[in-house]
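A quick write-up on the structure given underneath.
What follows draws every value from the coordinates through simple rules; no lab data is involved. The structure presented is a predicted model; accordingly, all values stated were derived computationally and were not measured. In this analysis, Cβ positions are derived from the backbone assuming ideal geometry, glycine residues included, and neighbour counts consider all displayed protein chains.
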Amino acid sequence: MLIEWTLNGRPMRSEVSPFQRLLDYLRTDLKLLGTKEGCREGKCGACTVWVDGQIANACLMLMGQLAHKEVTTIEGINEKDRFTPLQEAFLTNSALECGFCIPGMLMTGTALLHQNTNPSRLEIRESLKGHLCACTGYQKILDSIEGVGLPPASEGQARMRVRKP
Amino acid sequence: MEFLSPQYLSEAFEILDRRGKELKIAAGMTHILRFHTDFPQGLSPSLKAILHIGNLEVLSDIREENQKYGIGSTATLSSLAADSYLARYAPAILDAVLATSTPQIRNRRTVGGEIGWGSFHSPLIVTLMALGAKVRVRFQADTGENNHPGREDSVDLMEFYEGQLERTSSCENKQVTRSPRSKGQHLIMKVAIPDEMLHRGGTFSFFRGLRPKISMENSGVVLAVHGYTHQGVIQSAHMVASGLWLDTLSTKLPLEGVRMGDTYIFEKLYSFCDRYSFDKYRREGPSGAQLGLVVFGLLKEGFSHLMGN
């Protein structure tokens, strides 16, 4: 089946089985390995991509569903090989350990920040409901997303909200 | 296996009438892909094609028409959550949607898919039932002896189901869901909530769910209440609940004449839950007494929230 769709801003015409999952097509056929394969059941969020600007699990989408849709993966969110403010915040806050869940977290965090430039802690928690991270305990990830809405810090310093004791 | 993705509703009807029995109708596909991990291999051998209706924009409308609030079957759960009319007049729907699965899945899962799958754990189904929703269904035309064209019908959501359906995948996944009453092939077109359930003066509704910590998908117990008050006194209150006991419970709450805000509500609710025969509905899960306590806890939480506590 010939599918016409857009991937990371580039128009695509893909001759694929409509039953192939988007995740498999990205990783196996296109070698876009930033989108991770975790549970394949939509529970871990490691395969999160944007479909028409909304976050979705690539493991729960068939190529047949993607006709005329616009898909963005983690490879498509950088501008000219520069880190986004959220990626910078993850680095400066040490919000990643093994890094497996991070592409998905970045996709969700960036989508949230597009909708709301200064989300509350609760809104960030709600948006990350579909992600699992076995290493960090989530707090530094929450700090990073929360911190992007703050004014820039000096170089090398994390953008973090200082909590009163 | 074929993948049919019509662009127009008439095209979908034509495929439905011609090939009804050998079709599986799907839109967001989140239920089916999670359940059949080796999709499409795990499907019944009699199925020859997937009819994908997710691109039919005409079925994704959410709007008021003919004194009903219509929700198209391919409207996603996140589009329900974003609807300002529903947020204002049916906050229970917003709560139910936000209690469903994850944001990623809510962006893909459709209202028709949620109703078609018929999970006993679905927050949206009990809430729509409590709000008296009707389902508009298009049945396959009979090309045999009777030779009648495809017909459309509106059915109460409560009447849409009958008994249980045990679903099994080729990977030995098993799930017991509600079984649609109609055995013929049918396409869910939309769900309609009567206007009077939404913005008649003094209307109230809430949704509450108890979610086991180990599961993001299946709530243990889901419960929705809809009712009316007049000058602060409850005139009627109706509860629909379902969950791990694998049946749907629909009953009036004995709160007529009680003033909203009076803590006597909780005594009445406790007495009701203590005496109610939950065992009659229970197929699996905890005992009737345990369920009574869980339901009381959820009702108490919901009414406390309404009363501003």
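Relative to the current alpha-carbon distance between residue B:274 and residue B:48, full extension at 0.36 nm per residue lengthens the span by 76.3 nm. Whole-percent P(r), segment B:57-196, all Cα pairs, 5 Å bins from 0: 2, 9, 18, 22, 19, 14, 8, 4, 2, 0. The value of relative contact order for chain B, using C-alpha pairs under 8 Å at least six residues apart, is 15 percent.
Counting residues in segment B:201-307 as N, plug N into 2.2 N^0.38 Å and put the Cα Rg over that result.
My calculation over the Cα atoms of segment B:201-307 gives 1.06.
Mean per-residue shielding of peptide B:128-138 is 0, counting Cβ atoms of other chains within 10 Å of each Cβ. Restricting attention to the protein assembly as shown, close to 90% of DSSP beta bridges with both partner residues there are antiparallel.
Largest GNM mean-square fluctuation among B:199, B:31, B:238, using chain B with Cα springs under 10 Å: B:199. Think of segment B:1-150 as having a plus end and a minus end, set by charges on the Cβ of Lys, Arg, Asp and Glu; of B:66, B:99, B:133, B:99 sits farthest toward the positive end of this dipole. Each of B:271, B:78 was scored by other Cβ atoms within 10 Å of its Cβ. Arranged with the fewest first, they read B:271, B:78. When the helices in chain A are scored as -39500 (n - 2.57) per DSSP H run of 4 or longer and the sum is shared across all residues, what 222 nm value do you end up with, to the nearest 500 deg cm²/dmol? About -7000 deg cm²/dmol. Working from Cα pairs under 8 Å separated by at least six residues, relative contact order for chain A is 22 percent. Farthest toward the dipole's positive end in segment A:85-148, which of A:102, A:132, A:86, given Cβ charges of +1 (Lys, Arg) and -1 (Asp, Glu) about the Cα centre? Farthest along the dipole direction, towards plus: A:132.
Charge dipole of chain B (Cα centre as origin; +1 on each Lys and Arg Cβ, -1 on each Asp and Glu Cβ, all else neutral): 480 debye, rounded to the nearest 20. Magnitude of the charge dipole for the protein assembly as shown, about its Cα centre and with charges confined to Cβ atoms of Lys, Arg (+1) and Asp, Glu (-1), is about 840 debye.
Applying a DSSP loop filter and a limit of 14 other Cβ atoms within 10 Å to the GluC sites (Glu not before Pro) in segment B:163-255 leaves B:172.
By the beta-carbon count within 10 Å of each Cβ, the least crowded to most crowded order of B:176, B:191, fewest first, is B:176, B:191.
Distance cut-off 19 Å, Cα to Cα: go down the list B:68/B:190; B:134/B:174; A:43/B:190; A:69/B:190; B:21/B:183; A:36/A:69 and report the pairs above it.
Those over the limit are B:134/B:174; A:43/B:190; A:69/B:190; A:36/A:69.
Rounding to the nearest 10 and keeping the result within 0 to 90°, find how far the Cα-based axis of helix B:288-306 lies from the longest principal axis of chain B. Tilt relative to chain B: about 80 degrees. Counting only DSSP H runs of at least 4 residues, each contributing -39500 (n - 2.57), and dividing by the residue count of chain B, the helix-based mean residue ellipticity at 222 nm comes to -8000 deg cm²/dmol. Here segment B:201-307 is assigned +1 on the Cβ of each Lys and Arg and -1 on the Cβ of each Asp and Glu. Its dipole about the Cα centre then comes out at about 60 debye. Database remark: amide H of residue A:3 closer than 5 angstrom to the amide H of A:14, A:15, A:16 (H placed geometrically; neighbours at sequence offset of 5 or more, or on other chains; Pro and chain starts carry no H). Tell me the trypsin sites (Lys or Arg not before Pro) within segment A:4-56 that lie in a loop according to DSSP and have at most 13 other beta-carbon atoms within 10 Å. Listed in order of number, the matching sites are A:31. Compactness of the protein assembly as shown was expressed as the Cα radius of gyration divided by 2.2 N^0.38 Å, which yields 1.03.
Summary: within chain B, the longest segment free of trypsin sites (Lys or Arg not before Pro) located in DSSP loops with at most 12 other C-beta atoms within 10 Å is B:1-150. Each of A:51, B:225, B:233, B:111 has some number of other Cβ atoms within 10 Å of its Cβ, and from fewest to most they run B:233, A:51, B:225, B:111. Anisotropy class assigned to chain B is prolate, per the alpha carbon gyration tensor with a/c at or over the 1.5 cut-off and a/b larger than b/c. Largest GNM mean-square fluctuation across A:95, A:46, A:134, computed for chain A with C-alpha springs under 10 Å, falls on A:134. Helix B:264-275 and the longest principal axis of the C-alpha atoms of chain B enclose an angle of approximately 60°. Looking at segment A:47-146, which trypsin sites (Lys or Arg not before Pro) are DSSP coil and have at most 16 other C-beta atoms within 10 Å of their C-beta? Taking segment A:47-146 and a limit of 16 other Cβ atoms within 10 Å, the loop trypsin sites (Lys or Arg not before Pro) found are A:80. Distance from the C-alpha centroid of segment A:16-42 to that of segment A:115-136: 24 Å, rounded to the whole angstrom.
So if we plug the beta-carbon distance of residue B:63 and residue B:289 into 1/(1 + (r/R0)^6) with R0 = 51 Å, what FRET efficiency do we get, rounded to 0.05?
For residue B:63 and residue B:289, the calculated efficiency is 0.70.
For the residues B:99, B:192, B:141, a GNM of chain B with alpha-carbon springs under 10 Å puts the largest fluctuation on B:141.
Round to the nearest 10 and give me the degree value, 0 to 90, for the angle of helix B:9-19's Cα axis relative to the longest principal axis of chain B. The helix B:9-19 is inclined about 70 degrees to chain B. For the pair segment B:258-281 / segment B:50-114, the C-alpha centres are spaced 32 Å from each other.
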